[in-house]
1. For segment A:144-160, how many residues meet the condition of being assigned to a helix (DSSP H, G or I), surrounded by fewer than 20 Cβ atoms within 10 Å (Cβ to Cβ) and free of Cβ contacts under 8 Å to residues at least 24 places away in the same chain?
2. Before we move on, is A:Ala371 over 22 Å from A:Gly469 (Cβ atoms) and part of a helix (DSSP H, G or I)?
3. Would you confirm whether any residue within segment A:366-378 is in contact with a Lys or Arg (Cβ under 8 Å, 6 or more places away or on another chain), within 26 Å of A:Leu484 (Cα to Cα) and modelled with pLDDT under 90?
4. What tally of residues in segment A:714-747 results from selecting those that are more than 10 Å from chain B (Cβ to nearest Cβ) and either more than 37 Å from the chain's Cα centre (by Cα) or touching a residue at least 60 places away in the same chain (Cβ under 8 Å) (or both)?
5. Take residues that are surrounded by fewer than 20 Cβ atoms within 10 Å (Cβ to Cβ) and more than 10 Å from chain A (Cβ to nearest Cβ) and tell me which of the helices (runs of 4 or more DSSP H) falling wholly in segment B:32-122 contain 3 or more.
6. Looking at (1) in contact with a helix residue (DSSP H, G or I) (Cβ under 7 Å, 6 or more places away or on another chain); (2) among the charged types (D, E, K, R); (3) closer than 20 Å to A:Phe116 by Cα, find the lone condition where A:Arg22 falls short.
7. Please go through segment A:21-62 and pick out each residue that is β-branched (Val, Ile, Thr), assigned to a helix (DSSP H, G or I) and touching a residue at least 60 places away in the same chain (Cβ under 8 Å).
8. Run down B:Thr70, B:Thr130 and say which single residue is within 12 Å of the chain's Cα centre (by Cα) and modelled with pLDDT of 85 or more.
Amino acid sequence: MLLELTLAIPVLLAVVAPLAWRRLGAWWPRVASLGALTVFVFLLLMLPDAILGHPQTVTREWMPQLGVTFALRADSFGIFMALIISGIGWGIMSYAGGYLGKDERTGSITGWLLLFMAAMIGVSVADNILMLFVSWEMTSFTSFMLIGTNHRDEESRVGAKQALLVTAIGGLALLGGLVILGRQAGTWNLSEMPAMHDHPFALGAFVLICLGAFTKSAQFPFSFWLPGAMRAPTPVSAYLHSATMVKAGVFLLARMHHVLGELPAWTPTLVITAAATMILVILAVPRATDLKALLAYSTIGALAIMVGLIGIGTDKSMTAMVVFLLAHACYKGPLFLVAGSIDHAVHSRDIRRLGGLAQKMPVTIVTGVIAGLSMVGIPPMLGFIAKEYALGAGMNYAPWVAGLITVLAMAFVLVAANVILIPAFGKKRELASHAHEAPWSMRVPMVVISSLGLILGVSPGLLERYIVGPAVTSLEVTPVHLSLWHGWNLPLLLSTAAVFWGGLAFWKRTALGAFCPALPSGPRIFDAIWNGTVGFGRNVTRILQNGSLTMYLGTIVVVACVLLLSVWIIEAAPIDVDVVRKVPIIDVIIAAVIAVSAVVTALARRRLPAIAALGAMGMGVTLFFLASQAPDLALTQFLVEILSVVILVIGFRHLPDFRITKKRYQIGRVAIAVLVGFTMSVMTLVALSTDYAAPISAWHGDNALTKGHGHNVVNVILVDFRGFDTFGEIIVLGIAALGVGVLVGSLQKLRKHNPEMLSGNTKEPVQ
Amino acid sequence: MKLPSIILRVMQHWLVPLLVVVSLFLLLRGHDEPGGGFAGGLMAAAAVILVALAETPTEARRLLRLHPTTLIALGLLVALVAGLIGPLTGKAFLTAVWLKADVGLFYFKAGTPLLFDIGVYLVVVGAVSTFALEIEEAAPLAPDRTGATPAKTDSVEGGAPSKS
């Protein structure tokens, strides 16, 4: 029951959010944060069961045919993740209330945030992998809505689009990977999934799942969407794009470790991707000047460390990954909130314009310093433990990995100094004069979350016993012992060196920034691909849709004929000549009438003779139906022919008089007509010569009266046996009528307002 | 626009009621004899077009009473309702439900397929009337027939304006 409520509470709150915001005003964010806190408490209540090894589960049928079950399982790692999500969520809701103030979008933003929270908890506690996928996609979608909150701003829209496209492409790959896993393992539940590494399809599934995880967690080469997502309001960036959503990829890889971890490709793939991402971050940080961009790059770096640790996959590295995940949430979330508070107070996030805020915003700055120390990895912060274990695990795998992490830690020092020291103690700028401390609703979450990093850092026993240990165990890995201090060793030396060199880099930051090469910008590459695709589409459209109806019809018809004929030739479908001999004499006479009309139609040089001859041809078909004893078809055909002729003639009134003057146009038309005639004859003969299956017409005839209560078999088929088809057809008919109405209407409007568009020889299609 | 032929106008008074009655006849008998909603609807639309050509499109709209688009919507609604009666009795969407009574000489039957066919009829009348009336009512695209500013809708292949 508790488990369902953890999902139901945020969803319900999200649904009422816009209305509640209008009714409750400033109270609404408090209610929302209380909701998140309730979820947090519920999760804590479920923790003991999970630690003891019998986690709470929920199983409901959803789409049993597809193997989709609403299956939840709150094991320790899931609860660990969900606790981070709901805990940070509590802080974000409260903070957003103060940050957005009376902004009219507060209702919808908090609503999407709550929905995101539910989706993210869904990812954490889902047992059925398709359920996990649905939640995963939901997080991408809510992220898109939240980045694009400021939808009047071009860059916000671009950022939202990039984030959605990249994560959605990854999501599709992930779906493929999960389906392979589920089908081959014979179970859709994570908890029942065996180790699959020696299965022949395991490598394919692994590659697809990696694509999903790397796009979500902004790993190389998909890192670029994360800085673009920084256009979102700061509470959103803090929540989705640092503390929780981007960790979904890491979370998924950790979950997959016991299934695919033994695969030979596992370690190299993850470690090399992580290393490439780290190098990217190290090169990008010295040049960045925007507070949020700096934090975004360091987030990508931290995610890379976690991916690398999962790749190494030893007991020590998995433990280090879980500690790092927690530590990162506890410092990066508050750092974003601090950046948001500074932005809120002085309306700038550019470190070249910030400085001297320490006296004006003491609480914010102190919080920032605490979080920053954790990020730098100074004892006794949680960040220190995380970094020590990460370095140790990296060293055990390969010295170069530890070296790379050390350089990355240096970059983190630079980021922390840039984000906190410059705005706080830098030279006082004019912006600082009207700075003010953030309201309580913003200060409390920052202080609480960042001090968690300190409290957990000084109590590694508590951490090991109740939080990290059980979480690591539920990943089917043995946790290693945690302690704050373990003597003078190489990781400590590397860590100290990182702090020292990082400080030096901060001191010489201008020179360093000039030294670092400008990277080929990810968004620019994305734009190039995007514009290329759109441009290609536009060119194809220009060629295919050049405004000439004759060309449209000709293209469609010729392509269809060529395709059909090529199938006929390739398949060498036989034609039984006997079917032609069995044709009765009356049919031959009617066919002659039809053929003569067809020739007249094709040779006609003006519209009216053509349409009259076409009508005659239709009448021939009507006769044919009559001769074949199908009065219903004949009646309908007859009416359709009359009405088409009438409507076409009405339409011609609007067109300038028209006559084919050039011989070659005439030849082209006749050639197309002959091609179509030939193709259709061949197709008909092939169809008549082959018995694929017993025809179903007999069934319809036998059952029309008994089951359909009608003597007219055609009508019974239309309104009863195939009623669903008819329903679709009348919908299409209605849409076509609406289309005609709209086209004629817009033409009238166009003629009234800018007639020159109709008179010119416009090659461009009219928009 | 030149006046329609007087013969057409006179005949119209006789033909239109006949067409409408026949169209309803076709619709109702459709389940057992040739006809049905589609054929009936086309016949009714023919009546509407006849009025539009013999008199004016406005007159034709008056005959319809409802806007053609409303007719389409109404038809789709009727068809949908006919389809939803099945689920009400616990069967799949669009499953036929029949009421039958055999009272002496008089044999009566009614079912959701007939209702569905009425929906088809309405959609067809609405759609075909829309095609004809919208195009008929639109002012001619090239009022100047000598081709001073001809709209080149499908005459890119060098259709020369004629002097007819």
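The values are calculated or read from the model by the stated rules, or taken from the named source; none is laboratory data. What you are looking at is a predicted structure, and each value in this text was computed from that prediction instead of being measured. Cβ: placed from backbone, ideal geometry, glycine included. Neighbour counts: every protein chain shown.
1. The total comes to 2.
2. Yes; evaluated as a whole, the condition is true for this residue.
3. Yes, there is a match, as at least one residue in segment A:366-378 is in contact with a Lys or Arg (Cβ under 8 Å, 6 or more places away or on another chain), within 26 Å of A:Leu484 (Cα to Cα) and modelled with pLDDT under 90.
4. Of the residues in segment A:714-747, 1 are more than 10 Å from chain B (Cβ to nearest Cβ) and either more than 37 Å from the chain's Cα centre (by Cα) or touching a residue at least 60 places away in the same chain (Cβ under 8 Å) (or both).
5. B:57-64, B:68-88
6. So A:Arg22 meets the others, but not (3).
7. A:Val39, A:Ile51
8. Exactly one residue qualifies, and that residue is B:Thr130.
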